[in-house]
Amino acid sequence: MNRSQIEDVWPLSPLQHGLLFHALLDERDVYAAQVVLDVEGTVDADALRKAGQDLLRRHPNLRAAFPHDRLKKPVQVVPRSVELPFREVTAADEAEADRIADADRVAPFDLTRPPLIRLTLVRIGPDRARIVLTNHHILFDGWSTPILVVELLTRYAGAQPPAATPYKQYLAWLKRQDHEAATRAWTAALDGIEEPTLLLPEAAGLAAVLPSAVSEELPEESAARLRRRARAQGVTLNTLVQAAWGLLLARLTGRSDVVFGQVVSGRPPELPGIEQMVGLFVNTVPVRLRVRADETLAELLTRLQAEQAALLGHRHLGLAEITGLVGGGAVAGSALFDTLTVFENYPFDPSAMGEPVAGLRLTGAAQRDATHYPLTLYVVPGDRLTLRLDHRPDVVDEDAAATLLARFSKLLHAMAETPDVPVGAVDLLLPGERRRVLEEWNDTARPVPAVTLADLFEAQAAR
């Protein structure tokens with residue numbers, strides 16, 4: 001685009017740097033996100049297209065492109081205007097509608113050609129439809145998705161949403177942060193790490209693939225016990241999740257010092273209007289867990305919470321820069337970890353949308369996204385705690401993933417029910433495994449002849 005078409009040029013947020021890197025590195029970019037809305041009623045395609053176009057007018061960052069050739073440092077370029085890709089298709093049934101959405105999700109984006117977002121209306125009969133909004137994750141995060149959905153339906157109904165606070169204000173906030181203080185904090189937090197924590201090193205170098213998933217929903221009483229334990233311990237529910245995942249990694253790798261990633265919201269509370277801002281605020285940062293076998297689970301939780309609290313003001317630093325702070329070249333040129341945790345505190349509840357909008361009734365909503373990590377654990381709080389483990393099917397099959405999730409769930413229960421048990425005494429064996437190990441695998445009884453070693457030697461010599 002020429003200069004007259006450019007409205008603004010912005011720096012990248014830390015995670016935008018990472019997503020651009022993976023988009024250029026991976027032959028298949030998995031960082032396309034999608035929200036699918038099931039609606040009943042007759043959808044006005046032209047009104048929907050105009051409502052989608054209005055999202056790009058309201059939020060300049062949704063018009064951004066990410067040029068990188070011949071630039072010392074990548075930037076995001078915001079054109080004055082850009083047309084939203086919109087199409088209307090008809091599906092014979094829900095299965096065909098699923099295939100249309102799946103195909104739209106994997107259709108690649110060219111990060112240099114905006115917009116990195118598209119809208120599809122899939123009609124399924126005269127009074128049913130699906131609205132499919134697909135975007136590259138580099139534009140906005142999961143928290144932003146419900147905000148955009150509400151704005152889309154509000155504009156479809158002919159109403160005007162409240163004025164939007166521009167994403168540019170967040171980028172300006174990032175620039176004002178104390179970089180040196182953040183560097184010192186992360187250097188201290190990661191001091192002494194000798195090697196990366198790679199649970200699935202065979203995945204390194206493989207082309208990215210969309211993940212499969214296994215899931216479990218904890219009963220209301222189990223979820224309530226976890227919340228009570230967190231309150232009694234003075235820690236967050238997320239700290240229980242981190243401790244359980246870290247202990248699982250420690251057992252699986254046979255190490256007492258492990259690191260994994262966590263996605264943090266990145267929305268600074270001191271920035272006015274941050275809750276309703278649309279953009280990519282999340283960041284991926286390391287969590288380090290040092291396991292002491294004689295420490296109780298309760299003591300581990302308290303210590304981990306304190307260690308993480310010390311880093312709260314420094315989570316804006318990019319992962320590549322944080323990784324480079326690990327001393328001694330322990331992880332030079334490689335990843336610091338290969339598993340990720342996501343504590344989702346922004347569940348999208350279609351029932352919260354209220355009354356029908358302009359003759360449309362929202363009957364269902366689903367968000368879909370992915371990461372390049374071989375294992376990503378999602379935890380969604382609520383009355384019934386939802387656990388989902390995304391796994392690369394080429395390196396972790398469904399049975400192995402289900403076993404990992406079951407062990408993690410068992411560790412969560414131990415956190416809630418036996419906080420005074422030493423960490424080293426926590427049992428990770430699942431039902432039936434103890435019998436399998438002690439009885440089935442150890443069933444080595446064989447008939448042995450009543451002869452001496454000398455008899456056997458003479459017989460062998462004779463042979």
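The values are calculated or read from the model by the stated rules, or taken from the named source; none is laboratory data. Remember, predicted model here, so these are calculated numbers, not experimental data. Note: ideal-geometry Cβ built from the backbone for every residue, glycine included; neighbour counts use all protein chains shown. Surface areas here come from the heavy atoms of the whole protein model, side chains and all, with no ligands, DNA or RNA. Shrake-Rupley method; radii C 1.70, N 1.55, O 1.52, S 1.80 Å.
Over segment 114-187, with the other protein chains present, what is the accessible area per residue in square angstrom, probe 1.4 angstrom?
Value returned for segment 114-187: 39 Å² of accessible area per residue.
For the peptides 401-413, 439-451, 178-190, 423-435, what is the packing order when you average, over each peptide's residues, the other Cβ atoms within 10 Å and list the highest mean first?
Peptide ranking by packing, descending: 401-413, 178-190, 423-435, 439-451.
So, with +1 on the Cβ of K and R and -1 on the Cβ of D and E, and no other charges, what is the size of the charge dipole of the chain about its Cα centre, to the nearest 20 debye? Walk me through the numbers on the way to the answer.
Values: 49 positive and 61 negative charges, 294 e Å.
My answer is approximately 1420 debye.
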Checklist entry - Of the accessible area of the chain, with the probe set at 1.4 angstrom, what percent is carbon plus sulfur? => result 53 percent
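What dipole magnitude, in Debye to the nearest 20, does segment 16-90 give about its Cα centre under +1 on Lys/Arg Cβ and -1 on Asp/Glu Cβ?
Numbers: 11 positive and 11 negative charges, 130 e Å.
So the dipole magnitude of segment 16-90 works out to roughly 620 debye.
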Item to check | Relative packing of peptides 301-310, 51-60 - highest average C-beta neighbours within 10 Å first | outcome: 51-60, 301-310
Checklist entry - Under a straight-distance cross-link criterion of Cα-Cα below 14 Å, which aspartates and glutamates are reachable from residue 410, leaving out those fewer than 8 residues away in the same chain? => result 216, 217, 427, 433
Next on the checklist: What does the extension gain come out to for residue 383 and residue 417, with contour length at 0.36 nm per residue minus their alpha carbon separation?
Outcome noted: 10.4 nm
Item to check | Probe 1.4 Å, protein heavy atoms only - accessible area per residue of segment 1-107 in square angstrom | outcome: 52 Å²
Checklist entry - Straight-line reach from residue 175: which aspartates and glutamates have a Cα under 17 Å away, not including same-chain ones fewer than 8 places off? => result 8, 270, 321
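What percent do you get for the relative contact order of the chain when only Cα pairs under 8 Å and 6+ apart count? Write out the running numbers ahead of the final one.
Details: 767 pairs, mean separation 100.2, N = 463.
Reported as a whole number, the value is 22 percent.
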Checklist outcome for this item: segment 376-461 accessible area per residue, 1.4 Å probe, protein heavy atoms, integer Å², reads 61 Å²
Checklist entry - Residue farthest toward the positive end of the dipole of the chain, with Cβ of Lys/Arg at +1 and Asp/Glu at -1: which of 52, 4, 457? => result 4
Item to check | Inter-label distance, nm, simple model (7 Å from Cα along the C-beta direction), residue 22/residue 427 | outcome: 3.8 nm
Checklist entry - With θ set to phi - 60° and the Karplus curve 6.51 cos²θ - 1.76 cosθ + 1.60, what are the ³J(HN,Hα) couplings of segment 68-74 in order, to the nearest whole Hz, using x for Gly and Pro? => result 9, 5, 6, 10, 5, 9, x
Checklist outcome for this item: Distribution output for the chain: share of Cα-Cα pairs per 20 Å bin in percent, first bin at 0, values 21, 51, 22, 4, 2
Checklist outcome for this item: A chain fully extended from residue 206 to residue 363 at 0.36 nm per residue, minus the present Cα-Cα distance, gains in nm 52.6 nm
